[in-house]
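Here, each number is a calculation from the coordinates, and none is a lab measurement. Remember, it's a predicted structure, so these values are computed and weren't measured experimentally. A quick note on method: Cβ atoms are made from the backbone with ideal geometry, for glycine too, and the neighbour counts reach across all protein chains shown.
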Amino acid sequence: MGLLSKPQKTKSPLEKAEEKFLHSSREYLTDKDFTKVKQALEFTKSAHENIRRKSGDPFVIHPILCAFRISELRLDTNTVVAALLHDTLEDTDVSSREIRSRFGSDVLSMVEAVTKLSNIRIKKSWFPLRKDDREEISEMERQAETLRKMLIAMSKDVRVIFIKLSDKIHNLETLKYLPKDKQERIATEAIDIFAPIAGRLGMGEWKGLLEDLSFPFVSPDEFSKVKKMAIPQIKERERYLQKIAAKTKRMLEIAGFKSEIGFRAKKWYSLYKKLEKYDWEIVKIYDLIAIRIIVDNIEQCYGVLGTIHGEWRPLIGRIKDYVALPKPNGYRSIHTTVFCDDGKIVEFQIRTKDMNYQAEFGVASHWIYEENKSSRKPNKDELKWIDDFYQIQKDLKTPEDLIASFKMDLFEDRIFVFTPAGDVKDLPKGATPVDFAYSIHSDLGNKCSGSKVNGKIASLDSKLQNGDIVEILKRENAKPRPDWLKFVKTEQARAQIKKVVKNRL
């Protein structure tokens with residue numbers, strides 16, 4: 001009779017978190033950098049020892065899982081270390097000096113920045129007659145200052161925002177352990193502020209996570225309604241798309257294309273917003289599940305598009321080429337919607353592996369770890385919009401102005417239009433030629449007398465569309481008109497017009 005094997009010991013949540021994090025880090029870091037990460041892990045475990053979260057789990061699980069998400073992005077060593085340490089200054093006796101001496105100034109800078117984001121303090125100048133009591137601050141005022149702090153942090157080092165977004169995602173994953181009022185407040189902040197910022201940074205995967213984790217707490221009834229309506233449709237579509245995906249794979253092989261083909265259902269909150277737009281008629285949503293085709297290069301993207309259109313008839317106006325004209329956040333892909341077998345409408349998304357990674361992780365994909373470059377500063381050119389936007393916000397005094405400006409300039413849908421020389425300008429949806437003029441230079445906006453859009457004279461209050469070529473007609477003695485304030489969309493244009501009009505009075 002053989003010896004009985006000893007029963008396997010069940011791993012604790014902390015052991016599971018550590019194992020997952022170390023495995024992810026080990027996959028891409030050098031021995032030297034992995035050693036630094038392990039030292040930071042032991043340091044943060046010691047610092048948070050005996051502290052527990054509302055769930056009852058050891059607190060240190062939180063920074064470990066935040067750092068795990070950062071390591072999944074393959075970000076530099078210092079960002080991983082800063083994610084491990086991001087709560088030490090706020091919640092433990094660890095000092096800034098100790099972090100600097102052990103892990104360096106770059107890590108300390110990020111940890112301090114994340115700590116500042118966690119300790120929002122409203123300016124007393126906004127509340128001259130009462131105390132600066134955080135619990136009494138209205139939702140709008142709290143969000144306005146959160147936004148301002150986020151923008152300052154992004155303008156200095158966008159890696160800080162990666163850590164904060166990771167922190168927010170894990171907090172949302174454990175939100176059920178908090179009181180109901182806190183659940184709603186934290187989820188609302190995530191869906192109103194953090195998710196749009198992730199989207200603006202091109203981090204589609206994290207944006208979707210933030211929204212879907214928040215949605216049940218912000219709008220539980222709508223969440224249940226969406227799931228009840230969509231789940232039967234999704235199951236039916238999946239069965240159909242499995243056949244279409246297999247057929248597409250064979251077609252592409254015959255045409256000589258190597259490809260990866262899959263499909264993914266639309267995320268819950270994104271589906272909810274689209275259902276609202278289409279009066280809750282789910283049959284009108286063609287990308288409930290889209291087929292995604294990954295190929296090796298750009299030439300193959302267009303070749304695959306031709307093959308699909310050779311088999312199935314495309315819907316007019318539903319072909320979107322974000323490869324030739326990327327979205328302002330860097331998103332690139334070709335989308336086409338076609339009448340497939342049995343007349344059913346299907347959306348295909350065609351992209352390369354690099355484009356797919358960019359679509360999911362946005363600007364973070366530019367800071368992927370490279371051996372012998374354990375810490376890389378962000379490329380300021382790629383994030384120029386943050387600096388430009390920050391300069392505009394500095395003059396806004398009230399929370400109402402700040403929130404309105406953020407909603408329009410940062411969180412609204414974006415369009416991209418061209419100068420006659422082919423330079424791209426990124427503007428909010430609904431922007432006008434006047435907004436375009438001021439986006440180029442304040443002097444051009446101030447002396448704007450007319451405009452041409454795609455070679456034709458257009459009124460200054462006309463709404464620009466994606467891909468428009470805009471030419472501003474300039475006259476030296478022209479001046480901004482007060483009625484422009486009724487139609488301009490950007491804070492940059494609004495501020496300049498007000499300034500000139502005020503000086504004329």
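Based only on other Cβ atoms within 10 Å, what is the fewest-to-most ordering of Ile345, Ile161, Ile70? Walk me through the numbers on the way to the answer.
Working: Ile345 16, Ile161 24, Ile70 28.
Result, fewest neighbours first: Ile345, Ile161, Ile70.
I need to check one value: relative contact order of segment 174-280, counting alpha carbon pairs closer than 8 Å and at least 6 residues apart, in percent. All intermediate terms of the calculation are to be shown ahead of the outcome.
Details: 59 pairs, mean separation 26.8, N = 107.
It rounds to 25 percent for segment 174-280.
Need the C-alpha centroid separation for segment 202-227 versus segment 32-69, integer Å.
27 Å
Please compute the alpha carbon radius of gyration of segment 221-362, then divide it by the globular-protein estimate 2.2 N^0.38 Å. Two decimals is fine.
Values: Rg = 15.3 Å, N = 142, 2.2 N^0.38 = 14.5 Å.
For segment 221-362, the normalised Cα radius of gyration comes out at 1.06.
State the Cα centre-to-centre distance between segment 278-305 and segment 166-194 in whole Å.
Here the answer is 32 Å between Cα centres.
Using θ = phi - 60° and the Karplus form 6.51 cos²θ - 1.76 cosθ + 1.60, what ³J(HN,Hα) does each residue of segment 248-257 get, whole Hz, x for Gly and Pro?
Once rounded to whole Hz, the list reads 4, 4, 5, 4, 5, 4, 4, 7, x, 9.
Do you know the relative contact order of segment 423-505, to the nearest whole percent, from alpha carbon pairs under 8 angstrom that are 6+ apart?
Details: 133 pairs, mean separation 28.3, N = 83.
This gives 34 percent for segment 423-505.
Translational diffusion coefficient, Stokes-Einstein: compute it for segment 412-504 using the Kirkwood radius over C-alpha pairs as Rh, at 4 °C and 1.567 mPa s, and state it as an integer in µm² s⁻¹.
On the way: Rh = 12.9 Å.
For the chosen part, D equals 100 µm²/s.
Going through segment 425-505, which trypsin sites (Lys or Arg not before Pro) have at most 12 other Cβ atoms within 10 Å and a DSSP loop state?
On the way: sites: Lys425, Lys429, Lys447, Lys452, Lys456, Lys463, Lys474, Arg475, Lys486, Lys489, Arg494, Lys498, Lys499, Lys502, Arg504; in loops: Lys429, Lys447, Lys463, Arg475, Lys489.
Sites meeting the loop and neighbour criteria: Arg475.
Anything over 26 Å Cα to Cα? Flag those among Lys16/Lys54; Lys11/Lys353; Lys425/Lys479; Lys228/Lys353, in the order listed. Mind dumping the intermediate values first?
Numbers: Lys16/Lys54 19 Å; Lys11/Lys353 36 Å; Lys425/Lys479 23 Å; Lys228/Lys353 34 Å.
The pairs that break the limit, which is 26 Å between Cα atoms, are Lys11/Lys353; Lys228/Lys353.
Please arrange Trp280, Trp206 by counting, for each residue, the other beta carbons lying within 10 Å of its beta carbon, fewest first.
Values: Trp280 13, Trp206 26.
The most exposed by this proxy come first: Trp280, Trp206.
Sorting Arg292, Arg53 on the 10 Å Cβ count, fewest up front, what's the list? Mind dumping the intermediate values first?
Values: Arg292 20, Arg53 15.
Exposure proxy ranking, most exposed first: Arg53, Arg292.
What do you get for trypsin sites (Lys or Arg not before Pro) in segment 187-275 restricted to DSSP loop and a cutoff of at most 11 other Cβ within 10 Å of the site's Cβ?
Working: sites: Arg200, Lys207, Lys225, Lys227, Lys228, Lys235, Arg237, Arg239, Lys243, Lys247, Lys249, Arg250, Lys258, Arg264, Lys266, Lys267, Lys273, Lys274; in loops: Lys258, Lys266, Lys267.
Loop-located and lightly packed - Lys258.
Take the alpha carbon atoms of segment 39-78, find their radius of gyration, then divide it by 2.2 N^0.38 Å using N residues; give the quotient. All intermediate terms of the calculation are to be shown ahead of the outcome.
On the way: Rg = 11.2 Å, N = 40, 2.2 N^0.38 = 8.9 Å.
The reported ratio for this selection is 1.25.
Within segment 26-118, list the GluC sites (Glu not before Pro) lying in a DSSP loop whose Cβ has at most 15 other Cβ atoms in a 10 Å radius.
Numbers: sites: Glu27, Glu42, Glu49, Glu72, Glu90, Glu98, Glu112; in loops: Glu27, Glu49.
Those that pass, being in a loop and sparsely packed, are Glu27, Glu49.
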